[in-house]
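Each reported figure results from applying straightforward, stated rules to the coordinates on display, with no laboratory input. Owing to the predicted nature of the structure, the values given are computational and were not obtained by experimental measurement. Counting neighbours? That spans all protein chains shown, and the Cβs are built from the backbone with ideal geometry, glycine included.
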Amino acid sequence: MSQIRGNSVKPMLRIRVPHFDNSDIIKSLNKTLIGRITNPETQNVGSIVSVMPKIWKLDDGRVTGSDLGLGRFRLDFKREEDILEVLKTEPFSFNQWMVSIVRWEPAVYKNHPCDITFWVSLVGVPTHWWEDRVLRRIGDELGTVREVDEVNAMVKVTVNGTKPLCFEIPVRFETSGEEVDVKVEYEKLSGYCSTCFRLSHDKESCPESDCAEK
């Protein structure tokens, strides 16, 4: 690989790390959450690391955090039960914009972490189609379905927070030939662009918005 600077090309180093046993490091991270902000213009990682334990009422030393750079951070817990209680409160937001917070895993890919889990109401599904397979099929178009609530026509779904949200889906029921537009309502959704439906900026900052061109 090379890097272009002006009219010159400077070679970039490629480093190979020899094999070694990192199982102890992985084990030490079994009570760690890793997070990423969605809107760098309004969210500060240092503030999140400081404030989130207070929001969770765990600012008594049971949680310590650090800035990992590139909008990412880690939160180390002393007790597994505290992690489980915190994850029950998802989705997470800070300063009126969403935050992706997930359990740490040895993952190496761009934009990790980016998962955000919402309970979603599927408004407009005829009541005679409020059935697990139907609701799950609709939820599959939004992300990864975690749970289905047939009583209230809702699904718990994990979405990719770097992609635009979907707020309406045309659904055709092959059995009856019916077709309806299903509106998607995300519980606890905080901050998104009403032009492109992304979580990373508001309408005024959207590259697709007329406001951004002025």
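List of remarks:
- Qualifying residue in segment 194-214 (condition: aromatic (Phe, Trp, Tyr), within 20 Å of Asp140 (Cα to Cα) and out of contact with any Leu (no Cβ under 9 Å at 6 or more places or on another chain)): no
- The condition of being in contact with a strand residue (DSSP E or B) (Cβ under 7 Å, 6 or more places away or on another chain) and surrounded by fewer than 18 Cβ atoms within 10 Å (Cβ to Cβ) holds for only one of Arg133, Arg137, Arg172, that being Arg172.
- Evaluation of Glu187 against (1) under 15 Å from the mean Cα position of the chain (by Cα); (2) surrounded by 12 or more Cβ atoms within 10 Å (Cβ to Cβ) (one fails), failing number: (2)
- Filter pass, Lys183 being within 19 Å of Val123 (Cα to Cα), out of contact with any Cys (no Cβ under 6 Å at 6 or more places or on another chain) and of a type outside the set (Gly, Ala, Ser): yes
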